[in-house]
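Chemist: Structure below; questions to follow.
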Amino acid sequence: SIFIKLFTTSAVAGAAAGGIAEETLSAIRTVAAFGQERKRINDYTEKIQVARDIAIKNTFYVGLVTGTMVTFAFMLYALGFYVGSLALEHGWENWITGEQITTGDIISSFFCAVIGTFALGTAIPQYREVL
């Protein structure tokens, strides 16, 4: 998956920057003796910039996926309330009781759809293991 690849790449780049910092701090006298402070800072900055760029890209993709999921959830809410208002306005019949649909029927069916959708969303990743 693209998320696993980005997280892994970001972790590797961050580890490289951390390695430079650790190496520099553990041998700070040697670095200072040879006047290599600026070079080590530049090396660290270069590595951390790569990790930062990957993290920004990763955050964009996570935000895109999360925003899409929330958008579809709100679209489901809107559709449920729209169809429910049509049912009330036109006096549709509840096919189970044979009576006119009430607001309680609409709310019940709305929450059944929402809970069912989230349950399916939770179950789908495990479906691969069943097959």
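The values are calculated or read from the model by the stated rules, or taken from the named source; none is laboratory data. The shown structure was predicted, so the numbers you read here are calculated from the model rather than taken from an experiment. All Cβ positions, even for glycine, are placed from backbone atoms using ideal geometry, and neighbour counts span all protein chains on display. Calculation scope for accessible area: heavy atoms of the full protein, side chains included, ligands and nucleic acids excluded. Shrake-Rupley method; radii C 1.70, N 1.55, O 1.52, S 1.80 Å.
Chemist: Would you be so kind as to identify which of Ala51, Thr68, Leu88 lies farthest towards the positive end of the dipole of the chain, taking Lys and Arg as +1 and Asp and Glu as -1 on Cβ and the Cα centre as origin?
Modeler: Highest projection toward the positive end goes to Ala51.
Chemist: In square angstrom, rounded to the nearest 10, how much accessible surface does Ile4 have for a 1.4 Å probe?
Modeler: Using a 1.4 Å probe on the heavy atoms, I get roughly 110 Å².
Chemist: Counting Lys and Arg as +1 and Asp and Glu as -1, each charge on the Cβ, what is the dipole of the range 1-96 about the Cα centre in debye, to the nearest 20?
Modeler: Roughly 560 debye, rounded to the nearest 20.
Chemist: Please give the helix 2-26 orientation as an angle from the longest Cα principal axis of the chain, in degrees from 0 to 90, rounded to the nearest 10.
Modeler: 30
Chemist: Can you send over the solvent-accessible area of Ser10, 1.4 Å probe, protein chains only, in Å² to the nearest 10?
Modeler: 30
Chemist: Under 18 Å between alpha carbons, and skipping anything fewer than 8 positions from Lys39 in its own chain: which aspartates and glutamates qualify?
Modeler: Glu22, Glu23
Chemist: So what's the back-of-envelope 222 nm ellipticity for the chain, counting only DSSP H runs of four-plus at -39500 (n - 2.57) apiece and dividing by all residues, rounded to 500?
Modeler: -31000 deg cm²/dmol, from helical runs alone.
Chemist: List the aspartates and glutamates whose Cα sits under 20 Å from the Cα of Lys57, skipping any in the same chain fewer than 8 residues away.
Modeler: Here the aspartates and glutamates satisfying the reach criterion relative to Lys57 are Glu46.
Chemist: Using a 1.4 angstrom probe, figure out how much accessible area the chain has per residue, in square angstrom, rounded to the nearest whole.
Modeler: 77
Chemist: Then there's this: What figure, in Å² to the nearest 10, do you get for the accessible area of Asp105 with a 1.4 Å probe and non-protein molecules left out?
Modeler: 60
Chemist: Same structure, new question: With the calculation restricted to Cα positions, what are the radius of gyration and Dmax of the chain in angstrom?
Modeler: Computed over the Cα atoms of the chain, radius of gyration and Dmax are 27.6, 90 Å.
Chemist: Right, something else. Any idea what angle helix 103-130 forms with the longest principal axis of the chain, computed on alpha-carbon atoms, 0 to 90 degrees, nearest 10?
Modeler: 40
Chemist: Report, in debye and to the nearest 20, how large the dipole of the range 1-57 comes out about its Cα centre when Lys and Arg carry +1 and Asp and Glu carry -1 on their Cβ.
Modeler: Rounded to the nearest 20 debye, it is 100 debye.
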